[in-house]
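Take a look at the structure below.
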Amino acid sequence: MLKEAISYSIDDNASVRVVQITDPHLFADPDAQLLGVNTAQSLDAVLNTINAVHYPADFMLATGDISQDYSGESYHNFVRAIAPLELPCHYLPGNHDDPRIMRLNMQGPKIFGQRRILAGNWQILMLDSTVRGKPGGHMSDSEIDIIKSAIADQPDRYTLLVMHHNPILVNCAWLDQHCMDNGSDFIEQVAELPQVKGLLWGHVHQKLDQKHPGKHGIMHLMATPSTCIQFKPKSSYFALDALQPGYRLLELKADGTILTNIYRVPGDNFSPDRDASGY
């Protein structure tokens, strides 16, 4: 069932501007580290970088793996960390999140767990690709029904689909074991919907930007770096990258086109311990 949508008063002729952050992997303990990186500090560095850019964002999307330790306090830490940006934040779960604990603790005046966002000429759908107890993902029939129902309700809006897991392979053998297991079928189904202009996700801790040709035009396929550790692209085995934490800015234009770029924290303050374990 679709919950009530969150609506923004943005003119149909104006762009919708969005910040995406993903995979912060926070702990209850703000001094805790993941593979040698303090995830609270790296998230703060990303948020400070966003703030310094002065991008006129309308809202933020947080695309899962907010927590690393399943604690209520890790979600409280996230809410406190993003508060200075004064941006509405819409979230969805990742495979490291407990959806029940997440719902109970992701609370605040600008924190939203609703599935639909209506803004300008766009509809953004926050999808759940998680499978309880498994690192990989699956897009269930019920989620497909949400997409079709939302588009039937708003057929004149362009649509951005947002999820945690990658629906396409990223050519990392170890990481692709944990992709969306029905991703090809999912891509095929949504490519039949002319309103769908983009798919956006996290999970892979690396940048990916592809254009998928379809009979109704181009769909943008986008993966975004983590706010903490980065996975080395095109690696057949588990490997960490030295690239700094990052985030994505998107401009959803009134004509259905998408402009987007990845930005990273400057410097080299967040280098993972290549010999550490615990992801």
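The values are calculated or read from the model by the stated rules, or taken from the named source; none is laboratory data. Keep in mind that what you see is a predicted model, and the values were worked out from it rather than measured. Counting neighbours? That spans all protein chains shown, and the Cβs are built from the backbone with ideal geometry, glycine included. For accessibility, only protein heavy atoms count, side chains too; no ligands or nucleic acids. Shrake-Rupley method; radii C 1.70, N 1.55, O 1.52, S 1.80 Å.
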Report summary line: Answer in debye to the nearest 20: the dipole magnitude of the chain about its Cα centre, from +1 Lys/Arg and -1 Asp/Glu charges placed on Cβ, is 320 debye
Query raised in the report: For region 103-115, in order, what is each residue's ³J(HN,Hα) by Karplus, 6.51 cos²θ - 1.76 cosθ + 1.60 with θ = phi - 60°, in whole Hz (x at glycine and Pro)?
Result: 4, 5, 10, 7, 10, x, x, 10, 10, 10, x, 5, 7
Report task. Keeping the other protein chains in place, figure out the carbon and sulfur percent of the accessible area of region 17-264, with a 1.4 Å probe. Result -> 50 percent
Query raised in the report: Please identify the trypsin sites (Lys or Arg not before Pro) of region 92-193 that satisfy two criteria: DSSP loop assignment and at most 16 other Cβ atoms within 10 Å. Which are they?
Result: Lys110, Arg132
Query raised in the report: Taking the structure as given and computing Cα Rg over 2.2 N^0.38 Å, which label from (1) 0.93; (2) 1.26; (3) 1.32 fits?
Result: (1)
Report task. Take the alpha-carbon centre of region 1-63, take the same for region 112-142, and report the distance between them in whole Å. Result -> 16 Å
Query - Whole-number percent relative contact order across region 1-102, with pairs defined as alpha carbons under 8 Å at least 6 apart - result: 32 percent
Query raised in the report: Packing-wise, with mean Cβ within 10 Å as the measure, how do 71-83, 38-50 rank, highest first?
Result: 38-50, 71-83
Query - Å² of accessible area per residue within the chain, as computed with a 1.4 Å probe and no ligands counted - result: 43 Å²
Query raised in the report: Quick one: helix 39-53 against the long Cα principal axis of the chain, what's the angle to the nearest 10°, folded into 0 to 90?
Result: 50 degrees
Query raised in the report: How far apart, in nm, are the 7 Å Cα→Cβ label points at Asp273 and Lys134?
Result: 3.2 nm
